[in-house]
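S.K.: Handing you a structure now.
The values are calculated or read from the model by the stated rules, or taken from the named source; none is laboratory data. Note that the coordinates shown come from a computational prediction; the quantities given were computed from them, not determined experimentally. Because the Cβ atoms are built from the backbone with ideal geometry, glycine has one as well, and the counts that use them run over all protein chains shown.
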Amino acid sequence: MTTTRRLRLAATAVVAVLAVLPFAVAGRISLGIFVFIGLFSLIVIGLSLLAGHAGQVSLGQAAFYGLGAYIAAITTLRMGLAPWLALPLAVGGAALVAYVLGAPIFALRGHFLVLGTLGLNVVMDVLVRNVQDLTGGPTGLTGIPPLSIGALVIVGDRAYYYLIWSFVLAALWLGRNLVCSRVGRALAAVRSSEVAAAAVGINAAFYKSRVFALSGALAGLAGALYVHYLSFVSPSPFAFNFSIDLLVMSVLGGIYHLPGAVAGAAILTLLREALRTIMPRVLGSGASAEYEIVVFGLLLAVVVIFSPAGVWPHLLAWLRLEPGRSSRWTRVSSLAGMLPESPSPSPRAEASVLRLEGLRKQFGGLLAVDDLSIEVPAGEIYAIIGPNGAGKTTVFNLISGLLRPTRGAVYLRGRKVSDLPAYETAALGVGRTFQTPKVFADLTVLENVMVGLHRLTTTSFTAAMFGLGAREDAQAAARAAGYLEMVGLLDRADVLAGALPFGGLRLLEVARALAIRPVLLLLDEPASGLSTAERTEVVRLIRQIRDTGTTVVLVEHDVGFVMETADRVLVLNYGQRIAEGAPRAVRNDPRVIAAYLGEEAAS
Amino acid sequence: MTLTQQIAQFLASGIINGTIYALLGLGLVAIHSATRVVNVAQGEFAALGALLASTLVTRGMPLSLAAAVAVGVAAAVGGGVYRSAIRPARDAGPLTLLIITIALHLSLKGLWLLAWGTDPHSLRPFTAGPPLRIAAAVVTRQSLWVIAVTTVVLVVLYVFFTRTILGKSLRACAVNPTAARLMGIRVERMSALAWMIAGALGGLAGVLIAPLTLATYDMGLILGLKGFVGAVIAGMASYPWTVAACILFGVVESLGAGLISSNYRDGIAFGVLIAALLWRAVAALRGGLIISEEAAQE
């Protein structure tokens, strides 16, 4: 039996167990515990998407849970809104607050969301306790109507059990679709290297803030379901401590696997029930709830230090259900040979593709680039050479928008790009590779190139959640395969990119950069670390790229390589131009020989 | 009390609270600049300092010695935490490190609970005597101790960071760890030192504040977070600006709580935190610096 079939069987078995569980436990355990596990699972699925896939932590999910709860309670109780209308309001309200908070904070690199959400949680708690006219203060609100659709009134443990677990399964389905989509690949790229993701046009903050809004929406949904289930709401379940519990559930289950969220919610909820019976016996009665934090804190520490991926991978391994690397693109990639090569941008009549005007970059007291002005016409192969520390890579970082110039400007086809963020510069057609290749190691070779197609594909966040991008994905895979064929990596398409040898990494970066259909391609030391055969292949590839109409600028130490490929050469020393011209002329320039080629000429 | 007197009183208590936040904020900045870790557990050092000093004094130790022991133990715990929990995971990425500090917060708080229980502990003021009147405000003698001791600490830190090789090495690690390593600085040791300094500053904050409030096992989180507000406003980088921002924040919090309602104290405090984050984010967006210079060189 294949792993895929076994997984499918296991999933069916889980759904079947969920379906009969209310009947199996009847009279023995309160079904309420399983209703709560379902509610917590909803929230933790959102939190795991955020932590495992957007790489951000929230310590305020309890606030969104509370926000959903109070929106549902207040609109139905005080404004007489029908509960089924209040539900989307609660979901939307929580999502909106998350988005408004997250969108700006994600512009700050680093982990500031954790502070913002924590603050939100405290502010929410203070408001709910003090705006008594609206929220009922610390005692809360009672008599909230149950959910009803027409004459059908949903009441009782069993009804909410089925309703809530249906939402859990739906959330798992939506989350899985998202992770396996264009958006999911973009998120994986950002996790792997935010810089390389920006270099193919991905705006990390855009997707992070949407994932955060989704996590807010799921928590808001759980909150609304909670108040209709219990018909009662008070501030205490939504305090900051519960946000920590939710994070523990998420990390315990495993943030990289969505079903882990359900496992984490179940383990922690059942553990807490167990502790409530064991603790008083061990430590004597009183304050036992306080001691829970000791157990939870140590649990979190142990899991995150010894098994950062949580218990889910161990669970799968134990059930011998470890999924192999998905090979769903293999069939598509075999089509590559039959597809016409995607059209490249046609060379235009413009005088210059790239123009630098008085470009200067200063790092503290170090002048890395000193008033550099160059102009590169369309269709040229232009090389920048110079000794170590001459400012070559800094020039690339300035052109591609990773650095802001201290003074001066960069123009692409006459348009000033030096004030744009890197992902916008990439979207305008500046592709690049890095001196130390930055591939997305946990995506396959083919998927890496598909990420390069990000700005040329359109499946939106919402469409991706509903699995609507499959057709476009198949086309993208075929186009990506075309680029892999061009660089000679097609036979490695389904290998994880991290497993490629060094030369393969360089070629993969070129394929990924070509996928954005660059007007201008920046290659940072394309030949370094390559074997002679690979080097010859790269020379051929660069000429081929130029012949399809892309202008190439490259930085290289290997002077022989430059002489062989470049139409024109710029020699930099201490950030200043010391010569520019045809390779042969530059080579014989006395200033160049003095500054740089001296040893070369002597040998 | 007239309004002027009230405002003077709020200003005074704001400055004193802000001084305590500054001690915590400085520790946070030290840790963040040396190890790029946002330490959620910072306030636990303060809880430890407060609880330990109270117990030692109750057991008959002279206050000055008890304070020194409490600060020393907090520093040792800071270093120990770095060695046992942070350093083993230093290559695991910032997300894991952040979760580890959350786990540390829970575990340390749990430890304090096991050791000291849920009852509040008190510590007598450093010097006895009636409160003093300064301008229109009435100020306790302990408050003056808070300000005096903090001022001395700031001067010592300033000298340490600008006049000693060790302090300069620590700053070098914060600016560029790779270059610092190439210059022969032992970055691991500097990171441990940063955590020890943060532990000591946290412990000192606890010792200073214990006579003003009370020492409880769960006092740390809120204190640490308030230190964060100032540190975030100051950009998590500059020591003097962190102190200024923390004191300003203490004053805003105190005025807000006093003039609106003390029920809203923490709401106002964390509202300011969110506003500070949004303000910094908007500034970053306006600068167009989505990818920082540090990231470009990663």
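S.K.: Among the residues of the range B:200-214, is any within 9 Å of another protein chain (Cβ to nearest Cβ) and farther than 22 Å from B:Leu154 by Cβ?
M.R.: No: the range B:200-214 contains no residue that is within 9 Å of another protein chain (Cβ to nearest Cβ) and farther than 22 Å from B:Leu154 by Cβ.
S.K.: Residues of the range B:129-182 being assigned to a helix (DSSP H, G or I), over 23 Å from the mean Cα position of the chain (by Cα), closer than 17 Å to B:Ser33 by Cβ and not β-branched (Val, Ile, Thr), which ones?
M.R.: If the condition is that a residue be assigned to a helix (DSSP H, G or I), over 23 Å from the mean Cα position of the chain (by Cα), closer than 17 Å to B:Ser33 by Cβ and not β-branched (Val, Ile, Thr), then B:Pro177, B:Ala179, B:Ala180, B:Arg181 are the ones that fit.
S.K.: Another question about this same structure. Evaluate the following for A:Ala24: is it surrounded by fewer than 24 Cβ atoms within 10 Å (Cβ to Cβ) and within 14 Å of chain B (Cβ to nearest Cβ)?
M.R.: Numbers: surrounded by fewer than 24 Cβ atoms within 10 Å (Cβ to Cβ): yes; within 14 Å of chain B (Cβ to nearest Cβ): no.
No; evaluated as a whole, the condition is false for this residue.
S.K.: Next question, about the same structure. Out of all the residues in the range A:479-502, which are part of a helix (DSSP H, G or I), of a type in the set (A, V, I, L, M, F, W, C) and surrounded by 19 or more Cβ atoms within 10 Å (Cβ to Cβ)? Walk me through how you get there before you give the answer.
M.R.: First, the residues of the range A:479-502 that are part of a helix (DSSP H, G or I): A:479-487, A:490-492, A:497-499, A:502.
From what is left, the residues that are of a type in the set (A, V, I, L, M, F, W, C) are A:480-481, A:484, A:486-487, A:490, A:497, A:499, A:502.
Matches in the range A:479-502: A:Ala480, A:Ala481, A:Leu484, A:Met486, A:Val487, A:Leu490, A:Ala497.
S.K.: Something else now. Would you confirm whether any residue within the range A:371-389 is closer than 19 Å to A:Asp419 by Cβ, touching a residue at least 60 places away in the same chain (Cβ under 8 Å) and within 14 Å of chain B (Cβ to nearest Cβ)?
M.R.: No, the range A:371-389 contains no residue that is closer than 19 Å to A:Asp419 by Cβ, touching a residue at least 60 places away in the same chain (Cβ under 8 Å) and within 14 Å of chain B (Cβ to nearest Cβ).
S.K.: Same structure, new question: Just give me the residues in the range A:575-588 being crowded, with 16+ Cβ neighbours inside 10 Å and either modelled with pLDDT under 85 or in a helix (DSSP H, G or I) (or both), in sequence order.
M.R.: Result: A:Pro583, A:Val586, A:Arg587.
S.K.: Just a yes or no: is a residue in the range A:32-47 buried (at least 24 other Cβ atoms within 10 Å of the Cβ), within 30 Å of the chain's Cα centre (by Cα), within 22 Å of A:Phe461 (Cβ to Cβ) and at pLDDT below 95?
M.R.: No, there is no match, as no residue in the range A:32-47 is buried (at least 24 other Cβ atoms within 10 Å of the Cβ), within 30 Å of the chain's Cα centre (by Cα), within 22 Å of A:Phe461 (Cβ to Cβ) and at pLDDT below 95.
S.K.: Same structure again: Counting just the residues of the range A:218-270 that are closer than 16 Å to A:Val295 by Cα and of a type in the set (Val, Ile, Thr), which one comes out surrounded by the most Cβ atoms within 10 Å (Cβ to Cβ)?
M.R.: Applying the filter and picking the extreme gives A:Val251.
Okay, residues lined up against (1) more than 20 Å from B:Leu95 (Cβ to Cβ); (2) within 12 Å of chain B (Cβ to nearest Cβ); (3) of a type in the set (Asp, Glu):
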residue: A:Trp165; (1), (2), (3): yes, no, no
residue: A:Ala189; (1), (2), (3): no, no, no
residue: A:Val195; (1), (2), (3): no, yes, no
residue: A:Gly220; (1), (2), (3): yes, no, no
residue: A:Leu225; (1), (2), (3): yes, no, no
residue: A:Leu246; (1), (2), (3): no, yes, no
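S.K.: Listed residues B:Thr118, B:Thr96; which is polar (S, T, N, Q), within 14 Å of another protein chain (Cβ to nearest Cβ) and not in a helix (DSSP H, G or I)?
M.R.: One residue alone meets the criteria, B:Thr118.
S.K.: Write out, first by first residue and then by second, each pair whose Cβ atoms fall under 6 Å of each other, whose residues are 6+ apart or on separate chains, and whose first residue, in the range B:141-166, is modelled with pLDDT of 90 or more while the second is among the aromatic types (Phe, Trp, Tyr) and surrounded by 15 or more Cβ atoms within 10 Å (Cβ to Cβ).
M.R.: Cβ pairs passing all conditions: B:Trp145/B:Phe126.
S.K.: Of these, A:Ser166, A:Ser148, A:Ser193, which one is touching a Pro at 6+ places or on another chain (Cβ under 8 Å) and either of a type in the set (S, T, N, Q) or surrounded by fewer than 22 Cβ atoms within 10 Å (Cβ to Cβ) (or both)?
M.R.: Testing whether each residue is touching a Pro at 6+ places or on another chain (Cβ under 8 Å) and either of a type in the set (S, T, N, Q) or surrounded by fewer than 22 Cβ atoms within 10 Å (Cβ to Cβ) (or both) leaves just A:Ser148.
S.K.: Cβ-Cβ below 6 Å, separation at least six or inter-chain, first residue in the range A:579-594 and farther than 19 Å from A:Thr565 by Cα, second surrounded by fewer than 17 Cβ atoms within 10 Å (Cβ to Cβ): which pairs?
M.R.: Here the result reads A:Ile593/A:Ala601, each pair linking the range A:579-594 to a residue that is surrounded by fewer than 17 Cβ atoms within 10 Å (Cβ to Cβ).
S.K.: Of all the residues that make up the range B:215-242, how many are more than 18 Å from B:Leu154 (Cβ to Cβ), over 11 Å from the mean Cα position of the chain (by Cα) and assigned to a helix (DSSP H, G or I)?
M.R.: 1
S.K.: Quick check: is even one residue across the range B:78-92 away from chain A (no Cβ under 14 Å) and either touching a residue at least 60 places away in the same chain (Cβ under 8 Å) or acidic (Asp, Glu) (or both)?
M.R.: yes
S.K.: Being within 7 Å of another protein chain (Cβ to nearest Cβ) and farther than 13 Å from B:Ile274 by Cβ is the filter here; which residues of the range A:118-134 pass it?
M.R.: A:Asn130, the sole residue that qualifies.
S.K.: Among the listed residues A:Pro518, A:Pro437, identify the single one that is in contact with a Gly (Cβ under 8 Å, 6 or more places away or on another chain), buried (at least 19 other Cβ atoms within 10 Å of the Cβ) and farther than 30 Å from A:Leu174 by Cα.
M.R.: Unique residue meeting the criteria: A:Pro518.
S.K.: How many of the residues in the range A:84-110 are surrounded by 23 or more Cβ atoms within 10 Å (Cβ to Cβ) and over 27 Å from the mean Cα position of the chain (by Cα)?
M.R.: The total comes to 1.
S.K.: Among the residues of the range A:172-181, which ones are surrounded by fewer than 23 Cβ atoms within 10 Å (Cβ to Cβ) and assigned to a helix (DSSP H, G or I)?
M.R.: A:Leu172, A:Trp173, A:Leu174, A:Arg176, A:Asn177, A:Val179
S.K.: Tell me, yes or no, whether the range A:156-173 has at least one residue that is more than 23 Å from A:Ala72 (Cα to Cα) and not charged (D, E, K, R). Full working, then the answer.
M.R.: The first filter runs over the range A:156-173 and keeps only residues more than 23 Å from A:Ala72 (Cα to Cα), leaving A:172-173.
Subset that is not charged (D, E, K, R): A:172-173.
So far as the range A:156-173 goes, yes, one or more of its residues are more than 23 Å from A:Ala72 (Cα to Cα) and not charged (D, E, K, R).
S.K.: Follow-up question, since we're still on this one. State which residue is surrounded by the most Cβ atoms within 10 Å (Cβ to Cβ) when the search covers only the range A:279-318 and only residues that are more than 12 Å from chain B (Cβ to nearest Cβ) and modelled with pLDDT of 80 or more.
M.R.: Among those that are more than 12 Å from chain B (Cβ to nearest Cβ) and modelled with pLDDT of 80 or more, it is A:Trp312.
S.K.: Follow-up. When you go through B:Gly224, B:Gly184 one by one, which is the residue that is buried (at least 18 other Cβ atoms within 10 Å of the Cβ), more than 30 Å from A:Gly201 (Cα to Cα) and either more than 8 Å from every other protein chain (Cβ to nearest Cβ) or modelled with pLDDT of 90 or more (or both)?
M.R.: Values: B:Gly184 fails: buried (at least 18 other Cβ atoms within 10 Å of the Cβ).
Exactly one of B:Gly224, B:Gly184 is buried (at least 18 other Cβ atoms within 10 Å of the Cβ), more than 30 Å from A:Gly201 (Cα to Cα) and either more than 8 Å from every other protein chain (Cβ to nearest Cβ) or modelled with pLDDT of 90 or more (or both), namely B:Gly224.
S.K.: In addition: So, in the range B:53-65, of the ones that are in a helix (DSSP H, G or I) and free of Cβ contacts under 8 Å to residues at least 40 places away in the same chain, which residue ends up surrounded by the fewest Cβ atoms within 10 Å (Cβ to Cβ)?
M.R.: Filtering the range B:53-65 for residues that are in a helix (DSSP H, G or I) and free of Cβ contacts under 8 Å to residues at least 40 places away in the same chain, the one surrounded by the fewest Cβ atoms within 10 Å (Cβ to Cβ) comes out as B:Ser64.
For every residue, the table says whether it meets (1) surrounded by 17 or more Cβ atoms within 10 Å (Cβ to Cβ); (2) in contact (Cβ under 8 Å) with a residue 40 or more places away in the chain; (3) within 14 Å of chain A (Cβ to nearest Cβ); (4) under 16 Å from the mean Cα position of the chain (by Cα).
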site: B:Gln6; (1), (2), (3), (4): no, yes, no, no
site: B:Leu11; (1), (2), (3), (4): yes, yes, no, no
site: B:Ile15; (1), (2), (3), (4): yes, yes, no, yes
site: B:Gly25; (1), (2), (3), (4): yes, yes, yes, yes
site: B:Leu28; (1), (2), (3), (4): yes, yes, yes, yes
site: B:Ser33; (1), (2), (3), (4): yes, yes, yes, yes
site: B:Val37; (1), (2), (3), (4): yes, yes, yes, yes
site: B:Gln42; (1), (2), (3), (4): yes, yes, yes, yes
site: B:Gly72; (1), (2), (3), (4): no, yes, no, yes
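S.K.: Just one of B:Thr19, B:Thr58 is over 13 Å from the mean Cα position of the chain (by Cα) and more than 14 Å from chain A (Cβ to nearest Cβ); which is it?
M.R.: B:Thr58
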